[in-house]
Amino acid sequence: MGFFGLGGLVYVSVLLVNAIAILSEDRFLARIGWTNASDPGFGGGQDNGSVKAKMVNLVASVRTLMRIPLIIINTLIIFYELILG
Amino acid sequence: MQRPAHSNPPPAHSPPLHHPVPQHVSTVPQLRSPPPPVPQSQPQNTYGYSQQQQQGGGPGGGGGQGGYIHPAFGGIMSDPTAQMGFQVGKSAIMAGQEYMEQNLNRYVNVSALKHYFNVSNSYVVNKLYIVLVPWWHRPWSRQQRLSNNGQDGYYLPPREDINSPDMYIPMMALVTYILLSTLLAGLRGAFHPELLGLTATTAFAVVLLEILGLKLGTYLLSISSESQLLDLVAYSGYKFVGIILTLFLSEIVNRTRLGTGGGGTGGWFGWCVFLYVFSANAFFLLRSLRYVLLPDTSPNTGSAAASYTVARSQRNRRTQFLFIYSYVVQFVFMWLLSRQSADPKIGKA
């Protein structure tokens with residue numbers, strides 16, 4: 001791989017998505033306030049317009065979507081690194 | 001088979017030479033298009049041909065074309081089997097092309113791509129001038145035209161509208177950038193064949209990251225952008241023009257002055273050119289993307305309802321995003337692309 005080859009980019013992106021996926025929801029994200037557990041007695045919809053709500057939505061959707069594919073991708077990369085050096 | 005045997009000594013008199021007498025008229029079919037038939041019959045012919053084609057008969061389609069081909073090729077191929085073979089081959093090629101077009105149209109929107117390549121020479125020259133010197137260009141909005149069959153307006157192609165983004169300049173600029181930076185590396189003696197692929201993947205990764213950042217920004221700021229993805233790709237490809245200019249000029253100057261080493265952005269001349277080109281590109285992007293990212297400035301395209309729900313803070317945030325994108329992000333990426341590997345000649349001596 002070259003200095004800024006595509007392989008490095010793939011590694012960086014996989015590591016970042018891993019970092020997003022392993023955050024604990026109730027111990028960390030609820031403390032900061034980055035969850036979507038709004039009051040059920042709200043009456044209407046959630047506040048979906050602000051930047052922070054969209055970020056929270058994005059993080060939550062990335063976590064639920066990428067959990068299982070990340071397992072597969074991580075296993076592949078581990079095999080690649082162990083066997084093929 | 002008809003040559004005399006070479007092992008015998010050459011006879012005193014020359015033997016009767018046997019020139020091979022051609023048995024078949026095997027002429028190569030001349031590669032010119034058949035003369036166009038009478039115009040009234042042509043659309044009916046092709047329509048009838050495609051009908052027969054879809055019903056699935058290769059020889060049937062070839063037979064349908066037989067009356068059309070005869071007056072054009074009668075003089076060339078007098079052999080009926082060769083003619084039939086030619087017709088079968090031609091219908092097979094047409095079927096293959098149609099199959100490929102159908103499959104390609106599922107993945108790549110070919111007609112949309114054609115809109116971006118509909119450029120003219122004067123458009124290319126004027127657009128390059130605008131990209132490099134955008135300060136004096138006055139109207140920046142793209143022109144629309146309402147189509148006749150009731151759909152909402154579509155944008156004019158680049159041939160008629162100087163503000164419309166095209167894909168011809170960015171693609172040419174990308175290829176030129178890859179070749180130029182590899183050439184400069186070769187001139188410095190630092191060439192290895194992976195450099196071509198490395199530069200190409202770096203450039204593609206930069207474009208990809210830009211588009212991702214832009215899409216992320218539009219999602220986070222709730223900007224409903226009506227422009228297509230290829231527009232954004234085209235806009236992010238315009239900076240390659242400036243990078244080519246930087247590399248080229250700084251290489252020329254650094255060769256003839258023999259003073260400061262290193263091309264690209266080494267030396268003060270390279271930095272000056274780079275800063276000018278970077279600011280020109282940022283201004284160009286600011287003006288062009290204003291109509292993409294800040295849709296509340298467009299008066300009457302049905303967004304009258306949408307403009308009321310945009311708060312003032314959101315508008316400020318969008319403007320900030322546009323500024324940050326145009327200046328900071330572009331600076332990082334342009335610097336990245338103007339980098340070159342170290343000069344191995346300087347390390348000696």
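At-a-glance table
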| read-out | value |
| --- | --- |
| Net charge of Cβ neighbours under 14 Å - reference A:Glu25; Lys, Arg +1; Asp, Glu -1 | +3 |
| Gain on full stretching of the segment that runs from A:Thr35 to A:Ile78 - 0.36 nm per residue minus C-alpha separation | 12.4 nm |
| Number of partner chain Cβ atoms within 10 Å, mean per residue of B:195-206 | 3 |
| Environment charge of B:Ser120, counting only residues whose C-beta is closer than 14 Å and scoring Lys/Arg +1, Asp/Glu -1 | -1 |
| Net charge over other residues, Cβ less than 13 angstrom from the Cβ of B:Leu336 (K, R count +1; D, E count -1) | +1 |
| Inter-probe distance in nm under a simple model that places probes 7 Å from Cα toward Cβ, at A:Ala60 and B:Gln228 | 3.5 |
| Most to least packed among B:241-253, B:324-336 [average Cβ atoms within 10 Å] | B:241-253, B:324-336 |
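Read the figures in this text as sums done on the coordinates, not as results from a lab. Keep in mind the model is a prediction, meaning the values are calculated, not measured. Cβ coordinates were reconstructed from backbone atoms using ideal geometry, including for glycine residues, and neighbour counts include every protein chain displayed.
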